[in-house]
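S.K.: Once you've had a glance at the structure underneath, I'll fire off some questions.
The values are calculated or read from the model by the stated rules, or taken from the named source; none is laboratory data. Everything numeric in this text was worked out from a predicted model, so none of it was measured. Using ideal geometry, Cβ is built from the backbone for each residue, glycine included, and neighbour counts are taken over all protein chains shown.
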Amino acid sequence: MQPMSELEADRLRRYYRTFARVEAADTSPVYAEWAQGVADDDAIIDLLLDLPQSKRQANLLFAAARHLGSGTGTFAQLRAWLLEHWDSTRALMLERSTQTNEAGRCAVLLPELARLDGPLSLIEVGASAGLCLYPDRYSYRYRTAETGRPRADTVASGSESVRSLALDPAEGPSSVVIECALRNTSAPEHIPEVAWRAGIDLNPIDITESDQRSWLRSLVWPEHDARRERLTAAAELVAADPPRLVSGDLCERVESLITEAPANSQIVVFHSAVLAYVDARKREEFAAIMHAHPEVKWLSNEGAGVLPSTLAQLESRGVDADGRFVLSVDGVAKALTGPHGQSYEDLDRS
């Protein structure tokens with residue numbers, strides 16, 4: 001039997017290899033090379049094993065290095081930089097967390113939000129800086145794939161035609177424009193009214209502080225210039241009217257916010273890429289809390305394996321998420337979504 005340290009090292013190497021192959025290969029050549037390099041490097045693996053398990057994530061390591069000035073060169077260059085600057089990198093990794101605040105995810109939440117009778121009260125769990133609490137302030141450009149004869153506002157693409165729909169806030173086009181490809185569903189026809197909004201995070205980010213905004217930019221992957229530009233625009237928009245963010249555990253704070261929401265509104269609790277960072281017991285506890293509040297709509301946008309019930313639903317239907325998130329409503333899987341909000345595929349019509 002292998003000693004525990006060796007088992008942990010093997011597990012960590014597998015994680016970084018999977019990150020390189022599944023998460024980064026098609027979207028970030030830099031991170032794909034870095035992750036594979038880490039997996040094959042005993043010295044870097046040993047440094048990571050000295051951190052708490054929750055602080056060994058690739059996103060956190062790479063963002064911390066870039067934030068401190070590593071650049072985006074080869075893995076050999078990153079390795080040399082890390083070995084020279086490990087104390088400062090380690091300190092930053094212990095201080096910070098992977099609070100990626102991707103406003104683009106609003107595009108995959110909007111189809112469900114638009115189906116609800118408003119006004120809405122939004123509560124985001126794992127809110128980071130709260131950029132996803134403003135779906136009513138952003139503009140959307142949806143592309144829907146349709147079969148048959150192209151319409152006047154469609155563009156032919158092989159055997160399909162692609163229809164585009166522009167959706168803007170009532171006050172006019174936003175400085176933040178989010179693009180999303182839809183499949184097996186039509187685009188939302190309106191942006192719902194939001195009467196109240198609040199968020200929960202263990203360490204809320206103050207979007208009005210330049211250093212914290214800089215950290216959010218460091219969390220965006222090197223090649224993702226459009227996401228970085230969108231983050232900058234969303235941060236400026238939200239900084240002008242910052243949300244209410246409370247610090248604390250998701251299970252301990254969510255019910256108090258539910259009771260604060262206006263009584264004449266539809267309360268919506270939502271989260272994206274959050275539950276993966278808490279243990280299985282905490283996930284089950286949170287799901288039980290949400291099921292205990294049938295008056296609240298619960299939107300979960302997480303990896304396919306994060307909630308066991310979600311994975312079981314996909315398997316029973318023979319659906320492979322293929323690296324995409326699953327958007328569930330009140331625990332029922334509704335759509336496959338791009339991790340950054342770039343696509344939405346309706347499961348009910350697939």
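S.K.: Just to be sure before I move on: is Glu315 out of contact with any helix residue (DSSP H, G or I) (no Cβ under 9 Å at 6 or more places or on another chain), crowded, with 18+ Cβ neighbours inside 10 Å, modelled with pLDDT of 90 or more and more than 23 Å from Gly130 (Cα to Cα) in the structure I sent?
M.R.: Values: out of contact with any helix residue (DSSP H, G or I) (no Cβ under 9 Å at 6 or more places or on another chain): yes; crowded, with 18+ Cβ neighbours inside 10 Å: no; modelled with pLDDT of 90 or more: yes; more than 23 Å from Gly130 (Cα to Cα): yes.
The answer is no for Glu315.
S.K.: Across segment 51-81, what is the total count of residues that are modelled with pLDDT under 95 and more than 26 Å from the chain's Cα centre (by Cα)?
M.R.: 0
S.K.: Still on this structure: Would you call Pro192 surrounded by 16 or more Cβ atoms within 10 Å (Cβ to Cβ), of a type outside the set (A, V, I, L, M) and touching a Pro at 6+ places or on another chain (Cβ under 7 Å)?
M.R.: Working: surrounded by 16 or more Cβ atoms within 10 Å (Cβ to Cβ): yes; of a type outside the set (A, V, I, L, M): yes; touching a Pro at 6+ places or on another chain (Cβ under 7 Å): no.
Taking the combined requirement at face value, the residue does not satisfy it.
S.K.: Give segment 318-330 a look and list any residue that's surrounded by fewer than 20 Cβ atoms within 10 Å (Cβ to Cβ) and either out of contact with any strand residue (DSSP E or B) (no Cβ under 7 Å at 6 or more places or on another chain) or modelled with pLDDT of 95 or more (or both), or say none.
M.R.: Selection gives Gly318, Val319, Asp320, Asp322, Gly323, Val329, Asp330.
S.K.: I'm trying to understand the selection: among the residues of segment 26-55, which are among the β-branched types (Val, Ile, Thr) and either in contact with a strand residue (DSSP E or B) (Cβ under 7 Å, 6 or more places away or on another chain) or crowded, with 18+ Cβ neighbours inside 10 Å (or both)? Let's see the steps before the verdict.
M.R.: Just the residues of segment 26-55 that are among the β-branched types (Val, Ile, Thr), to begin with: 27, 30, 38, 44-45.
If the condition is that a residue be among the β-branched types (Val, Ile, Thr) and either in contact with a strand residue (DSSP E or B) (Cβ under 7 Å, 6 or more places away or on another chain) or crowded, with 18+ Cβ neighbours inside 10 Å (or both), then Val30, Val38, Ile44, Ile45 are the ones that fit.
S.K.: Pairs under 9 Å by beta carbon, first residue without any contact (Cβ under 8 Å) to a residue 40 or more places away in the chain and outside the structural domain of Arg213 (by TED's automatic domain parsing) in segment 58-86, partner among the charged types (D, E, K, R) and buried (at least 17 other Cβ atoms within 10 Å of the Cβ), six or more apart or different chains?
M.R.: Matching pairs, first to second residue: Leu60/Arg96; Leu61/Lys55.
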